[in-house]
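A short worksheet on the structure shown next.
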Amino acid sequence: MNTKKKMKITPYKVFCVVVLCIFAFLFIFPLYWIVTGAFKTAVDINSSSPSFFPSEWVMSNFQKLFSRQKAPVWEVFVPFGSFFTSDGSKIPLFSGPVVPAAVRWLINTVFMAVMAMLLTCITATMAGYVLAKKRFRGRALLFTLIVCAMALPKQVILIPLIREMSTLHLYNTIWGIIFPTVGWPFGVFLMKQFSEGVPGEMLEAARIDGAGELRTFTQIIVPMVKPGIGALAIFTFISSWNDYFMQLIMVSSTSNLTISLGIAKMQAENSTDFGLIMAGATLAAVPILTVFIIFQKYFTQGIAMGAVKG
Amino acid sequence: MRKFLATMLAAAMTVSLVACGGGSNGGSSTAASDAPAAASTAAEAGTAAAEVSTAAEEVSTPEATAEPVSLTFWTYPVGGWGNSDNVDALLASFNEKYPEITVTMEYLDYTNGDDQVNTAIEGGNAPDLIMEGPERLVANWGARGLMVDLSDLFADPEAADIYANVTSACLSPDGNYYEYPLCMVAHCMAINKTIFEEADALQYLNLDNHTWTTEDFFKAVQAIYDSGHTNVAAIYCEGQGGDQGTRAIINNLYSGKFTNPEHTAYAVNSPENIQALEELYAQDGINFDPALVGGGEQDLLRNNTLAMAFCWNAASQTKIPDGMDTYGITDVGDEIIPMNFPTDDGKVELCGGIWGFGIFDNGDQAKIDAAKAFIRFMANENVKDAVLASGFFPAHSGVTDVYAGTETADVMAMFTKDFMPNLGDYYQVVPGWAQARTAWWNMLQRIGSGGDVATEVEAFETEANTAAGQ
Amino acid sequence: MTKAAPRYTTRSKVLVMRETRSAYLFLLPSLFFFLVFVIFPMVLCIYTSFFDSTMGKNVEDTFVGLANFREMFSDSVFLKALRNTFVIVIVSVPVVTAFSLWVSSAIYKMNGKVLSFFRCVFYLPVVTGSVAVTVVWKWMFNNYYGLFNYVGTSTGLIEKNINWLGDERYALACIIIILLTTSIGQPIVLYVSALGNVDASLTEAAEIDGATKFQLFWRIKWPNIMPTTLYILIITTINSFQCFALIQLLTSGGPNHATDTVMYYIYYTAFKLYRYGYANAMGVVLAIIIALLSAIQFRVARGK
């Protein structure tokens, strides 16, 4: 990269490369095993001496996965809609044709992660800016609360949260997973750190020019903290995609499951049908991996950005 | 600062007000739905509800129209009821008669199913209908006041021929029935015939009536272990899945009991049970496996890892595994033979499974009535098909020949002859059952990792009896 | 708290009022979610922790005062779970930090393609998610046909099959190993970029002055990447505390509670023992512990 100097080959460097390769192998192996396992026959998978390469590539695991349960491909409900129906049923916004449930799970997961990401980015950027740049009553208390709540595992409020979601008619909806994720104050904290980097003179200048609060925010703050928003977006997307616990406690019906939950359920139902489970795991891993590999540069930049400021 | 705290409290109050509003909303909706409820009861009374409802529409009396009702129905994998193909066929015939009732299925598993139902209850989203046994429907959710009393179903003439011990299992100590039974089975164990043959252990089995003695059981295990097959059997104890198998082997070996005869307290702490546990622990080839549940154990029998399984029944015997075309054999084609649990006194007591339907009280009378219509259809009118789908035996004495003419007729006849008569006491209705079974697998885990048997059994009993309110 | 207090003296009260009003307008969306879905349940949680509460309609909650809290300290399983939680945090945080620092310093000077290959590889388990990953690990650790037993017995490293997840001696270690693989990716990315950002002129100057590699690292690089290290410490701690999926899917807290963490035990107490009040009380205690730890961590970070 930056060095055109010749690198000396020292024994330590050789050692490093060898060890790194071993670790790299250990890290790739699980994924390799999932993806190849999805195409193996049952005999291959269950043989007492593991076969490291499918002796025969089959699609039967995927066929089984897709023939299991069905669900409509889309089904978006009005949030809080069940407050307004006589029997407490949900108001559907729109729904689509029936597809294998696994596809629906994937769509649910994407919807959940994207929604959580958008809402978090918007709310956190606004709050972060204010916390960094405004002096107002209650700021210190609020900030202390945020810092203390940041590391709180969600299990702590397991039961109250379920009960609350139940009264709000959000239990067993994807919104039930999204809202607590948005409420988690890590994003606010991160965006506050970023906003602190915005020079105060710029805000002052904007005010002298007569720009309103909203214009100052959208035209000065947002462009300045864009890298931070990127970092937060990636962080929220991945963490809500992988937040198994919230998903586990919040949704229960087949058409509302996420892909992680779906695989976990399959694993419990067919504890040793590894072919099927791995087909599910492949379906869960490949989309997000593809996203990651395509946007690798932005991912790593974004994450690194978060740290420098954090 | 103080002001801010006040603001926060105010905010919290607003939220709780909203929350209360939500609650009362729910209440009013219940009241509103009382009227159509009466209608659907009327519809049920008719023999062909569909026709009644169309007739009603013609004369345009709004009370009598069969309002569309949607039910959620969650089922545990009760034999073939865990398989959506079987259930879909049954639902189709139900909908022919009741087109206005939509049933949405969810399939639970025994590993996480309880957690799933419990979170749903807490989330105000419990299913309308549920299929499982009295240990959950009666002793747990029923006793907690979450279920609808089904006494009116038992008053039907169709309920007259339900076996008396089944009826009593569905009856809660509070005098209500929280389950209407469909099918039952005697849980047994199973062995791999080829592995036994190779170890010359078939001599220890009485294959005429599928029984063996405690002494022969241990000899057989030893013989198989010595033949080089080091994993003979597993006392699986990761969770509650299939735990009747571990209870049955331990109780039967030296005729120990699990509860007192009145089903009010646990009675595991006896010399018989302690001896059984100690000998099982000491026996070569039997692992206490805290990373395994009953379902996994069956899979290990099927792929020839284990030579016997303690979690077995008629439905497991006749289930055709994925990718195979016949039942009763392992992945490599060895024959699987169901066996009674070994006993010292020749008196086998098999653990019974009784499965049926229960209704969660979600406060909506229309749904409750529709759910009752569903139960009447499945467990009375259409009982033969419903039982056939499960792979178990009917709970009605009047229902016979369910399997006549099917592929599995021979196997089912054999189970009827050699296993069903050995059905023991149905003790799974002791108060605090859910907590006791958690304590049970925890106890097995402790024993498996070297805990002193007598101490651990006593610890179990204290914990279980506390939950039982003793 | 006085440190960050508003400077009323230098500004007019009117201005402060106006700022406060507009500030809360901006805060409103975020505050709504925070108060409704985090703080309010937390308040409810504290409230119920003083009650004996269970599932069902026919039992009223009874006020028991501090009984739930008292019970906790004589509940051997809770204490075991607390210990396990801290073991996980205490082992994984330093290991993750040290290992990722080593990997990053080994790769950050490499050629762009190689660098992004390694970075990508170590980040894979993070992206894949714990549930998909557990599928493979469960098979690898399997007692009867798992990979580790196969490799172990065929190379003679172990005498006979070990029930990795079913043996009290190994189960927690297995969980920690898997946790490490899923939490090392992010720190590596962070360190690689932090090390790359250390001013080259500084290191070059030091090299000309004849500094050893060791000195170069501790005197120049280490102080420069300190903020990154602190950030990594914080996120790894959060991550380790929240470890739940691995335990629920691999061991259910067993064998004999050897892999129970407070997080899993709360879930277990609620839905297997039906003791909501007690579960909430444990949640409160855990929340206090974690809030204290974060406050300390934060103070330290601020101090630097």
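No lab work stands behind these numbers, since they all come straight from the coordinates. Quantities reported herein were computed from a predicted structural model and do not represent experimental measurements. With ideal geometry, Cβ positions are generated from the backbone for all residues, glycine too; neighbour counts draw on all protein chains shown.
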_Nearest 10 degrees is fine. How inclined is helix B:2-32 to the longest principal axis of chain B, computing both from alpha carbons?_
90 degrees
*Just report the Cα centroid separation between the range A:105-136 and the range B:188-266, whole Å.*
57 Å
*Which one of C:Ser100, C:Val64, C:Ile266 is farthest out on the positive end of the charge dipole of chain C, using unit charges on Cβ (Lys, Arg +1; Asp, Glu -1) and the Cα centre as origin?*
C:Ser100
*Hey, any idea what the orientation-averaged projected area of the convex hull of the range C:55-123's Cα atoms comes to, in nm²?*
8.8 nm²
*Sort all Cα-Cα distances of the range C:78-302 into consecutive 5 angstrom bins from zero, then give the percent of pairs in each bin up to the one containing the longest distance.*
1, 6, 12, 14, 15, 15, 12, 9, 7, 5, 2, 1, 0, 0
_Can you list the DSSP H helices in chain A whose Cα atoms extend at least 18 Å along the helix axis and whose mean Kyte-Doolittle hydropathy is 0.5 or higher?_
A:11-37, A:101-133, A:226-241, A:274-294
*Dipole of the range C:78-302, Cα-centred, from +1 at each Lys and Arg C-beta and -1 at each Asp and Glu C-beta, to the nearest 20 debye?*
300 debye
*Estimated inter-spin distance, B:Ser397 and C:Trp222, nm [label 7 Å along Cα→Cβ]*: 8.5 nm
*Most mobile of C:Ala132, C:Ala279, C:Ala98 per a Gaussian network model of chain C (Cα springs, under 10 Å)?*
C:Ala132
*asked:* If R₀ is 41 angstrom, what is the calculated FRET efficiency for the pair B:Asn209 and B:Asn83, using the beta carbon separation as r and rounding to 0.05?
replied: 0.85
*Which FRET efficiency value, to the nearest 0.05, is calculated for B:Thr416 and C:Arg169 with the Förster distance at 51 angstrom and r the Cβ-Cβ distance?*
0.60
*Check: chain A dipole with +1 on Lys, Arg Cβ and -1 on Asp, Glu Cβ, in debye*: 1020 debye
*Which of C:Leu273, C:Leu31, C:Leu79 moves most in a GNM of chain C, Cα contacts under 10 Å?*
C:Leu31
*How many nm is it between the label spots at A:Gln63 and B:Ala164, if each spot is 7 Å from the Cα in line with the beta carbon?*
5.4 nm
_If amide hydrogens are placed 1.01 Å from N in the peptide plane, which non-local residues have theirs closer than 5 Å to the one on B:Thr104?_
B:Leu71, B:Thr72, B:Phe73
*How would you classify the range C:36-150 from its alpha-carbon gyration tensor, with a ≥ b ≥ c the square roots of the eigenvalues: rounded for a/c under 1.5, else prolate if a/b is greater than b/c, otherwise oblate?*
prolate
*Where in the range B:335-375 does the label zone of B:Asp156 land, with the point 7 angstrom along Cα→C-beta and an amide N cut-off under 18 Å?*
B:355-360, B:366-375
*Give the shape of chain A as rounded, prolate or oblate, defined through the alpha-carbon gyration tensor: a ≥ b ≥ c are the square roots of its eigenvalues, a/c under 1.5 means rounded, and otherwise the shape is prolate if a/b is larger than b/c and oblate if not.*
oblate
*With springs only between Cα atoms under 10 Å, which of A:Met250, A:Met150, A:Met115 fluctuates most in a Gaussian network model of chain A?*
A:Met150
_Degrees between helix B:271-282 axis and first principal axis of chain B (Cα, 0 to 90, nearest 10)_ = 70 degrees
*Compute the acute angle (0 to 90°) between the alpha-carbon long axis of helix B:409-418 and the principal axis of greatest extent of the alpha-carbon atoms of chain B; round to the nearest 10°.*
70 degrees
*Computed over the Cα atoms, what is the radius of gyration of the protein assembly as shown divided by 2.2 N^0.38 Å, N being its residue count?*
0.99
*Near the amide H of B:Phe357, under 5 Å away, which other amide H atoms are found, from residues 5 or more places off or on another chain, if H is placed in the peptide plane?*
B:Tyr180, B:Leu182
*asked:* If R₀ is 41 angstrom, what is the calculated FRET efficiency for the pair C:Leu157 and B:Thr462, using the beta carbon separation as r and rounding to 0.05?
replied: 0.45
*Which of the aspartates and glutamates could a cross-linker bridge to A:Lys40, judged by Cα under 13 Å and excluding same-chain residues fewer than eight apart?*
A:Glu56, A:Asp273
*For chain C, which DSSP H helices look membrane-span-like by this rule: Cα extent along the axis of 30 Å or more and mean Kyte-Doolittle of at least 1.0?*
C:76-107, C:276-303
*Roughly speaking, what is the centre-to-centre gap between the range B:409-444 and the range B:94-162 when only Cα atoms are used, to the nearest Å?*
20 Å
